[in-house]
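The values are calculated or read from the model by the stated rules, or taken from the named source; none is laboratory data. Since this is a predicted model, take the numbers as computed values, not measurements. Every residue, glycine as well, gets a Cβ built from its backbone with ideal geometry; the counts of neighbours run over all protein chains shown. Areas reflect the complete protein model, heavy atoms only, side chains present, ligands, DNA and RNA absent. Shrake-Rupley method; radii C 1.70, N 1.55, O 1.52, S 1.80 Å.
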Amino acid sequence: MVPSLFAVMHAENLTTLELRYRWRRDLLTLSSAREWGEDVEWSRYGRDFSYRDPLMEDVRCLGNAETRDLFRKHGAQGYLGRVVGLLREGRHEGIRCFFHRGRDIRVAYNMHSSTLGIRNGNHAIRAGGIRRHAPGEGELDVLVDGLNLARAMSFKNAAAQVPFGGSKITVQSEPVDLGDTDAVAFLAYCLDRTRSVTGPDMGLSPGLADAMKDGGFSWNITGGPRGRLGPTGDPTAHGVYAALEEAARHRWGNPSLAGRTIVVQGAGAVGRPLVENHLGGTGATILVADLDPVPVAALVEKFPGRVKGIPVEGALLVEADILVPCAAGGVFDDGTIPNLRCEMIFGAANNQLKATSLEEEMRLAGLLADRGILFQVDWVHNAGGVIAGMEEYLRGDQASRERVLANTERVCREGTRQNLEAARREGITPTEMAYRHYSEQIFG
Ligand code: NAD
């Protein structure tokens with residue numbers, strides 16, 4: 001057996017596993033359980049049963065010592081140690097796993113901090129997206145991604161001034177068909193148990209939010225096409241563009257991007273509107289790379305001569321004034337940074353630095369600064385989506401697009417300007433400045 005959290009759950013016929021970590025004391029407790037059988041009709045979730053109800057009589061609950069014994073029994077102690085090492089490095093609150101055995105759907109709820117949400121008076125105390133990974137990916141890579149994103153969400157929520165801690169849900173499964181009520185309802189059940197509010201991220205379509213609501217499964221999700229404010233890609237693009245103008249002003253003394261060459265990696269929910277509604281009209285040359293040729297072709301057609309498609313391979317190493325990563329994170333590390341040929345990096349992608357701790361992020365940010373590349377950690381300026389999501393969650397029918405855009409301007413444009421200026425004054429990188437500014441709120 002390749003050691004993994006879900007492999008132990010699978011071998012022991014468990015449905016839930018929790019690692020709770022208290023970083024101030026380096027205290028870890030484990031618990032696990034078999035809480036449901038194969039016969040649960042998930043599509044009845046929200047009608048016949050709630051997330052608080054027991055689902056079977058013959059429930060099996062294991063405490064700390066017994067759960068640790070299971071990892072020993074299956075030769076997964078070393079693996080568990082690596083996962084706990086990640087919690088320690090990031091100062092996380094823990095991970096909660098939910099397993100749909102019949103469909104092999106593996107849900108991990110990665111909890112970073114609840115500090116800012118604990119007294120907010122809502123069901124959800126943390127906020128962060130829900131992202132899908134393919135079944136073939138290594139579990140540790142999925143956990144690293146989820147934990148890093150959860151940590152970034154704590155800071156993003158603080159920067160966006162929304163009263164929620166940070167978390168991220170990762171789902172490892174085959175693509176989720178929105179008509180598949182068994183899968184959609186199971187995800188809604190897990191979501192409700194997390195006490196988080198989420199929005200669909202990479203690997204899941206925005207329609208998941210509508211499917212959960214239409215089915216009567218969960219209301220702790222925002223950003224559906226038929227939601228009050230629609231998908232979050234637009235406001236995110238708005239904030240990234242505002243930050244880009246501020247970065248240009250900081251670097252070149254002028255916010256105009258005319259005549260610049262800009263590489264955009266990823267033309268999805270954020271990258272496409274960023275080019276379509278903002279960059280395409282600036283007079284810059286835009287080089288777009290996406291695994292999917294369709295959105296690239298649409299942008300080339302809309303902005304002939306201005307937008308060009310480039311190969312995905314090596315896109316971030318192309319010579320350009322600005323790189324705008326809008327696809328997966330973890331793209332800048334010791335291997336790529338020495339080969340970059342740009343003056344600044346400002347994109348929407350979460351966790352662009354390949355790091356599992358604040359310290360490592362600051363080291364990589366230092367390498368970028370040494371190369372003369374202007375960069376600030378992404379959560380300062382990709383907060384438009386969470387601002388929109390929280391507006392929809394907290395205000396429902398009263399949610400206002402105007403307020404979202406005004407808050408996004410304030411958080412992303414003014415936040416970027418202040419952060420870049422403060423970093424220059426202090427003689428540190430903008431990434432270190434941002435972490436310095438918000439760490440106190442989160443870690444105390
Ligand atoms: P998306 O899935 O809609 O789009 C991602 C696009 O990137 C897809 O078109 C995909 O084909 C492409 N892609 C994937 N790997 C690529 C590669 N190696 N090279 C080139 N293209 C590649 O996702 P999205 O919602 O646009 O999010 C993009 C990034 O921004 C993610 O990192 C996400 O976490 C982050 N983000 C999104 C939001 C939001 O509101 N959607 C908010 C904040 C941050």
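For the chain, what is the accessible area per residue in Å² when the probe is 1.4 Å?
41
Given just the C-alpha atoms of the stretch 105-231, how large is their convex hull per residue in cubic angstrom?
Convex hull of Cα atoms, per residue: 93 Å³.
Which FRET efficiency value, to the nearest 0.05, is calculated for residue 319 and residue 12 with the Förster distance at 60 angstrom and r the Cβ-Cβ distance?
So, using R0 = 60 Å, E works out to roughly 0.65.
Evaluate the relative contact order of the chain (contact order divided by residue number), counting alpha-carbon pairs under 8 angstrom at least 6 apart; express in whole percent.
Relative contact order of the chain: 14 percent.
Mark the label point 7 Å from the Cα of residue 174 along Cα→Cβ and return the residues of the stretch 93-124 whose backbone N is within less than 16 Å of it.
100-106
Provide the FRET efficiency to the nearest 0.05 for the residue 134-residue 395 pair, computing r from the beta carbons and using R0 = 51 Å.
Approximately 0.90, to the nearest 0.05.
Residue by residue, what Karplus-based ³J(HN,Hα) values in Hz, rounded to whole numbers, does the stretch 2-12 have, using 6.51, -1.76 and 1.60 with θ = phi - 60° and x for Gly and Pro?
These are the phi-based 3J(HN,Hα) values: 6, x, 6, 4, 6, 5, 5, 4, 5, 5, 9 Hz.
Ignoring ligands, DNA and RNA, what percent of the accessible area of the chain is carbon or sulfur (1.4 Å)?
Here it works out to 47 percent.
Under the 0.36 nm per residue contour assumption, what length would be gained going from the current alpha-carbon distance of residue 82 and residue 426 to full extension?
My answer for the length gained is 120.2 nm.
Please list, in order, the residues from the stretch 9-46 whose amide nitrogen is less than 11 Å from a point placed 7 Å along the Cα→Cβ vector of residue 59.
Taking a point 7 Å out along Cα→Cβ of residue 59, the residues of the stretch 9-46 whose backbone N falls under 11 Å are 33-36.
Determine the order of 118, 310, 373 by accessible area, beginning with the largest, at a probe radius of 1.4 Å.
118, 310, 373
Placing one identical point scatterer on every Cα of the chain and ignoring solvent, what is log10 I(q)/I(0) from the Debye formula at q = 0.06, 0.07, 0.14 Å⁻¹?
Here the Debye-derived log intensity ratios amount to -0.25, -0.34, -1.33.
Angle check, please: helix 233-252 long axis (alpha carbons) against the longest principal axis of the chain (alpha carbons), in degrees 0 to 90, nearest 10.
40
Summing -39500 (n - 2.57) over the DSSP H runs of n ≥ 4 in the chain and dividing by its residue number, what mean residue ellipticity at 222 nm do you reach, to the nearest 500 deg cm²/dmol?
That calculation yields -11500 deg cm²/dmol at 222 nm.
With each label point set 7 Å from Cα along the Cα-Cβ vector, what nm distance links residue 410 and residue 334?
4.3
Sort 89, 12, 319 from largest to smallest accessible area, using a 1.4 Å probe on the heavy atoms of the protein chains.
Correct descending sequence by accessible area is 319, 89, 12.
Leaving out ligands, DNA and RNA but keeping every protein chain, what accessible area does residue 333 have, in Å² rounded to the nearest 10, with a 1.4 Å probe?
The accessible area of residue 333 comes to roughly 40 Å².
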